[in-house]
Amino acid sequence: MNIIKTTSIVAVSVIATLAVASIMGFQLSEITAEQTTPVEYLSAEGVQVTGIFKFREGTEVLPIQVFTQTSGFKRAQVFGFQVEKVVGNTPYLHKHVDESFLYRNSQDEKENWNPFDVEMILATGPYAKRVVEYSKCFIDDYVVLTLRDNEEGYLNKGFANVERMTLFCRAMNFQNPSLETLNSISEDQKAQTTSTLDLKEPFSTWSDHFKYQKTGSLQPKQ
């Protein structure tokens, strides 16, 4: 009986809260949505990987925890790579995962139904060090897994719920931002420079470009 009374009280409280929110003009999403701060993970020399996924439906800018260039550097190899990221709010990416699953019995449809482009940017802060561009990609494999350090996951060390994806593409290209910066320096500056280690960071950064800004603000700077 006490359980029934407690349940009834909780239900009435929830209804009352929603009613007040409705009167005050709040949306349900505004009540339940949390303000979250992006988590920054430690990496050697501060190099972070960002994936720019350019879908037909829109662009998603995603932090990538693990990036592996699996094939395509040698002759006659297919252009492929693998990414691993913490599960997050990525509607367009998940839409393409679902489509790849839907067409899993037809490799032709899987590859050609809705291809997209990807840029993988390795950067220290706002300064890009290496960029790999992929064109006309599709998701070949997808798995959600929980990572743990054996029993330590159960001893307050934590768990990591991640998505691991394997992608194949029609084309791949490299960019060398450091060389581009070096080539942009005047001859007078080069003559006074004794080492490339003395070069300052480039005057413009990859994050200045409108397509690399946060999702929802992908507009050129005024």
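On the principal axes of its Cα set, how long, how wide and how thick is segment 48-120? Give whole Å, largest value first.
Over segment 48-120, Cα extents along the principal axes are 35, 33, 19 Å.
List every residue whose amide H lies under 5 Å from the amide H of Asp117, counting only residues 5 or more places away in sequence or on a different chain, with H placed 1.01 Å from N in the peptide plane.
Close amide H contacts, sequence-distant or interchain: Lys54, Lys136, Cys137.
Pop a pseudo-label 7 angstrom from the Cα along the beta-carbon direction at both Leu179 and Thr124 and give the gap in nm to one decimal.
1.9 nm
Rounded to the nearest 20 debye, what is the charge dipole size of segment 39-179 about its Cα centre when +1 sits on each Lys and Arg Cβ and -1 on each Asp and Glu Cβ?
380 debye
Which order do peptides 152-159, 48-55, 62-69 fall in by mean Cβ count within 10 Å, highest first?
By packing density, highest mean first, the sequence is 48-55, 62-69, 152-159.
Assuming a ≥ b ≥ c are the square roots of the Cα gyration tensor eigenvalues, decide whether segment 39-179 counts as rounded (a/c under 1.5), prolate (otherwise, with a/b larger than b/c) or oblate.
Verdict is oblate for segment 39-179.
Report the local net charge at Phe138: Lys and Arg +1, Asp and Glu -1, summed over other residues whose C-beta lies under 13 Å from its C-beta.
My count for the surroundings of Phe138 gives -2.
Please tell me which of these pairs span more than 22 angstrom C-alpha to C-alpha: Lys54/Lys85; Lys95/Lys129; Lys74/Lys95; Lys95/Lys157?
Result: Lys95/Lys129; Lys74/Lys95; Lys95/Lys157 exceed 22 Å.
Name the residues whose placed amide hydrogens come within less than 5 Å of the amide hydrogen of Asp141, ignoring near sequence neighbours (fewer than 5 apart) on the same chain.
Thr166
I'd like the FRET efficiency for Thr146 and Arg75, computed as 1/(1 + (r/R0)^6) with the beta carbon distance as r and R0 of 45 Å, rounded to 0.05.
0.70
Every number in this text was worked out from the coordinates using simple rules, so none of it is lab data. Just so it is clear, the structure is predicted and the values come from calculations on it, not from any experiment. No Cβ is skipped: glycine too gets one built from the backbone with ideal geometry, and neighbour counts run over all protein chains shown.
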